[in-house]
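Notes follow once the structure below has been shown.
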Amino acid sequence: MYGSCERKVNELGRDRREVGGGDPGLAVGRVQRGLIIVRMAGPLAGIRVLELATLVAGPFAGRLLADFGAEVIKVEAPGGSDPLREWGMKRHAGRTVWWPVHNRGKKLVTLDLRKPRGRDLCVRLVASCDVLVENFRPGTLERWGLGPAALLEANPRLVIARISGYGQTGPYAERAGFASVGEAMGGLRYINGYPGEAPPRVGISLGDSLAALFALQGVLMGLLARDSVGGQVVDASILESCFAILDNVVPEYGKFGYVREPAGTRIGYAVPSNVYRSRDGRWMVVAANSDNLWRRLCVALSRPDLLEEPRFATYTLRIENAAEIDALVAAWVAARDAAEVDRVMSAAGLVSGPVYSVADIFADPHYRAREMLVSVPDPVFGELVMPGVTPKLSATPGSVPPGAGWEAGADNASVFGALLGIDAAELSVLSGEGVI
């Protein structure tokens, strides 16, 4: 599966040869494993992105731009400097499967930004780009002479997305910041877990992903505003991205001094809304956190008498008596298999569903129907299943770019040649000097 807006055309050819055609609705594709993979142009077709980023947040933002048709040129130091090449739990042929997910569809070039000629080439690339994405520690680009002032001088219409732990300003700006501390100081970890226990993480780099999404939002707004204001800087921090999704935690403290505490599997302002174990050992979510849903739940539980119970008569009273309500729902779920719970709850129009492992996700036909499990050809792994594209656009949908390159600098010749006019002899010299 390659997404509804892609097609595969049989033709022999060598891997990674770029191909094009006369159809203006088609974006450039690549020949892989004897197939020309041709993508329909997405809404960001014609936008060129220079990615100076490593690990998760910056590359994730670049991936999202590439998914919707942008041409993304990823810059690494000579030899390949992105630690994401090594991150992940499982490997095949010595390679991690995380790299091709966040770097799918990108062109790979190498530049040593610490060398003057490397910085010069970077500025020349910037002149032909629309967006630059970077996630160095604040001040790093400035020390290299590549701060926003220099970049915007080279390209006054450039949108510069800067992703960092704490933002480009403020007392903490120059501190090292990863998702772990951003989630902690951003308030997410405090309200997660159980009272009195160590606050756990979600099992992913959530803060990085949130920062990437906010950076993407800023890039798109910056592109929309270019005709009126020219280029600008998008300052996205992991800390603030985590803080921004704290629901009503902030106003409740600001107005009442109320500190939200962790509540385990429950959420304090929604009752019932919890996970309950079924007879066959599955954890099931059941949520009925409004008056109309509460009425439906009482009918589904065959307990219409609960509607007459004064303790449960209002939203506020149900919150006060959450433990008793949870016990009622838990007992009902425990007496039934997960499939029956899901069937009864869904038929009643209630919010319910099982807690999925990734194996459950792969087995669920809904994910396939929505093209969220996409098989992509990869030169190392063969076929590799990746997350699909979201959101779904009706007229200009995104699509998963074909595969990811592996060799650092694999696209040096095509990128530096096409954009900067550097011939093979000069490329050889630059390589010998360690610039590329």
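Observations, loosely collected:
- Taking the fewest neighbouring Cβ atoms within 10 Å as the starting point, the ordered list for 386, 372, 221 is 221, 372, 386.
- 3J(HN,Hα) along the stretch 307-313: 5, 9, 7, x, 5, 10, 6 Hz, from the Karplus curve 6.51 cos²θ - 1.76 cosθ + 1.60 with θ = phi - 60°, whole Hz, x for Gly and Pro.
- Largest GNM mean-square fluctuation among 272, 171, 387, using the chain with Cα springs under 10 Å: 171.
- Listed by chain and number, the lysines whose alpha-carbon sits under 27 Å from that of residue 107, ignoring those within fewer than 8 places in the same chain, are 8, 74, 90, 115, 392.
- Reduced Cα scattering model of the stretch 196-248, Debye log10 I(q)/I(0), q = 0.16 Å⁻¹: -0.58
- Sorting 99-108, 307-316, 357-366 by their mean Cβ neighbour count within 10 Å, with the most densely packed peptide first, gives 99-108, 307-316, 357-366.
- 25 °C / 0.890 mPa s Stokes-Einstein diffusion coefficient of the stretch 85-145, Kirkwood radius on C-alpha pairs, µm²/s: 174
- Rel. contact order, % - alpha carbon contacts under 8 angstrom, at least six apart, the chain: 19
- Rg(Cα) / (2.2 N^0.38 Å) computed for the chain, rounded to two decimals: 1.15
- If you plug the beta carbon distance of residue 363 and residue 256 into 1/(1 + (r/R0)^6) with R0 = 45 Å, you get a FRET efficiency near 0.50.
- Euclidean distance of C-alpha centroids, the stretch 45-74 and the stretch 155-209, integer Å: 20
- Ordered by the count of other Cβ atoms within 10 Å of each Cβ, fewest first, 267, 325, 160, 245 give 245, 267, 325, 160.
- Paramagnetic label reach from residue 334 (point 7 Å along Cα→Cβ; backbone nitrogen cut-off under 12 Å): within the stretch 251-294, residues 276-279.
- A Gaussian network model of the chain, with springs between Cα atoms under 10 Å, assigns the largest mean-square fluctuation among 292, 155, 274 to 292.
- Remark: the stretch 43-58, residue by residue, has Karplus-estimated 3J(HN,Hα) of x, 9, 4, x, 8, 10, 10, 9, 9, 10, 8, 9, 6, 9, 4, x Hz, where x stands for each Gly or Pro and the curve is 6.51 cos²θ - 1.76 cosθ + 1.60 at θ = phi - 60°.
- HN-Hα J in Hz across the stretch 367-383 - Karplus 6.51, -1.76, 1.60, θ = phi - 60°, x for Gly and Pro: 5, 5, 4, 8, 6, 9, 10, 10, 8, 10, x, 9, x, 9, 9, x, 8
- Between amide H atoms placed 1.01 Å from N, distances below 5 Å from residue 351 occur with 287, all of them 5 or more places distant or on a separate chain.
- Taking amide H atoms as placed 1.01 Å from N in the peptide plane, the amide H of residue 260 has no partner under 5 Å among residues 5 or more positions away or on other chains.
- Three-way shape call for the stretch 273-362 based on the alpha-carbon gyration tensor, with the a/c threshold at 1.5: prolate
- In the chain, taking the dipole from charged Cβ atoms about the Cα centre, the farthest positive-side position among 415, 147, 113 is held by 415.
- Size of charge dipole - the stretch 273-362 - debye, nearest 20, with Cβ of Lys, Arg +1 and Asp, Glu -1, no other charges: 120
- Whether the stretch 354-398 is rounded, prolate or oblate, judged on the alpha carbon gyration tensor where a/c under 1.5 counts as rounded: oblate
Bear in mind these aren't lab numbers, they're just calculated from the coordinates by the rules spelled out. Model, not experiment: these values are computed from the prediction. Positions of Cβ are backbone-derived with ideal geometry, glycine not excepted, and every protein chain shown enters the neighbour counts.
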